[in-house]
Amino acid sequence: MEQVKVRLDEAMETSLLTLYGKAIDARRKPSILGDTMAVAAIDRVDYDFTRLKSAGRVAPNAAARAKHFDNWAREFLATHERATVLHLGAGLDTRVWRLDPGPGVRWYDVDFPKVVDIRRQIFPDRDNYHLIGASVTAPEWLDKVPADLPTLIVAEGLTMYLRPEEGHELFRRITDRFPSGTLLIDGQSRLALRMVNKKLSRSLGSGQIMHWAIEDPQELVRVNPKLRFVDGVSAMTAPTTAQLPGGMRIVVAISRLVPALRDIGFYLRYEFGDTR
């Protein structure tokens, strides 16, 4: 089978890092996420993965974070047989296949055109599944999405790549367009952004690519009163951390004792409109 040449720049290249990390996790026993599609996708990609020196360390955390968001998404889909899902900054994630939503769910993966082009080549199609090649901050792409059903917006690993004003405007456009829904995001502290930018600079040779630190979940509510903050958990205390390898669980347990490290990242859930 012919391989797909991949040449992505800066923030887009991190989609390869997380895909590779999930493939590494899938090959481990036991696996946290069990994303065998990521393994198959890696085999389709013509890319020098030896560049991604931090992938082995990233793998368990990437898998644990993805599983947490999968679980939240499953909760929404369990109570909404007919719904729209917007997966923003989808990268090369295989979430739609992991969750395998029913026939009443319309699913949209949104990312840069270059990323979408690669997705078309390495992943299969499926019913009610749509790809939109656009920057998530461009307003025009939302016109392609019907606004007649409850909507789940998943923005895992996205907000930190946006400027704060871009993120605020994006979520305002979404809550203005759709009648009701749930928004899932993760946020990182200023300390986390400094650490990750430094790490990515070493592994990918890029400059600063992360910009928006979210340290207060109420920040989004203050700028967009349509949003209601309903749930949040530290990435260090999320239930999926129990599945991390033993050495990483020890590091996580120690980090929980230091507030600056315990609060280095959060998983946040918001609602808007009538979500019944």
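The values are calculated or read from the model by the stated rules, or taken from the named source; none is laboratory data. These figures come from a predicted structure and were not determined experimentally. No Cβ is skipped: glycine too gets one built from the backbone with ideal geometry, and neighbour counts run over all protein chains shown. With ligands, DNA and RNA removed, areas are computed over all heavy atoms of the protein, side chains included. Shrake-Rupley method; radii C 1.70, N 1.55, O 1.52, S 1.80 Å.
The heavy atoms of S255 present about 10 square angstrom of accessible area, all protein chains included, probe 1.4 Å. For the cross-link pairs K114/K226; K29/K67; K22/K198; K144/K226; K199/K226; K22/K114, which exceed 28 Å when the distance is taken from alpha carbon to alpha carbon? Distance filter (> 28 Å) returns K114/K226; K199/K226. Taking a Cβ cut-off of under 9 Å around L268, the surrounding Lys, Arg, Asp and Glu residues balance to a net charge of -1, with basic ones at +1 and acidic ones at -1. Neighbours of S234 by Cβ distance under 10 Å: Lys/Arg scored +1, Asp/Glu scored -1, total +1. Taking a sphere under 15 Å around the Cβ of L33 and counting the other residues whose Cβ falls inside, with K and R at +1 and D and E at -1, yields a net charge of +3. Rolling a 1.4 Å probe over the protein heavy atoms leaves E2 with an accessible area of roughly 150 Å².
Taking amide H as placed 1.01 Å from N in the peptide plane, the amide H of V85 sits under 5 Å from that of R106, W107, Y108, L152, each at least 5 places away or on another chain.
The mean accessible area for residues of the chain, using a 1.4 Å probe and ignoring ligands and nucleic acids, is 46 Å² per residue.
Okay, which of the range 222-240 sit inside 17 Å, backbone N to the point 7 Å along the Cα-Cβ direction of V258? Once the point is set 7 Å along Cα→Cβ of V258, 235-237 turn out to lie under 17 Å by backbone N, inside the range 222-240.
With the Cα gyration tensor of the range 1-139 giving a ≥ b ≥ c as the square roots of its eigenvalues, does the rule (a/c under 1.5 for rounded; else a/b larger than b/c for prolate; else oblate) give rounded, prolate or oblate? Oblate.
Here the accessible area is traced with a 1.4 Å probe on the protein chains. For the range 109-264, carbon and sulfur cover 55 percent of it. Helices in the chain that qualify as membrane-span-like (whole DSSP H runs, Cα extent of at least 24 Å along the helix axis, mean Kyte-Doolittle hydropathy of 0.0 or higher) are 10-27.
Between L191 and A40, the contour length at 0.36 nm per residue exceeds the alpha carbon distance by 50.9 nm.
Note on R177 and K29: with the Förster distance fixed at 45 Å, the Cβ-Cβ geometry gives a FRET efficiency of about 0.55.
The calculated FRET efficiency for E165 paired with R222, based on their beta-carbon distance and R0 = 22 Å, is about 0.95. Multiplying the residue separation of W97 and T137 by 0.36 nm and removing their Cα-Cα distance gives an extension gain of 11.9 nm.
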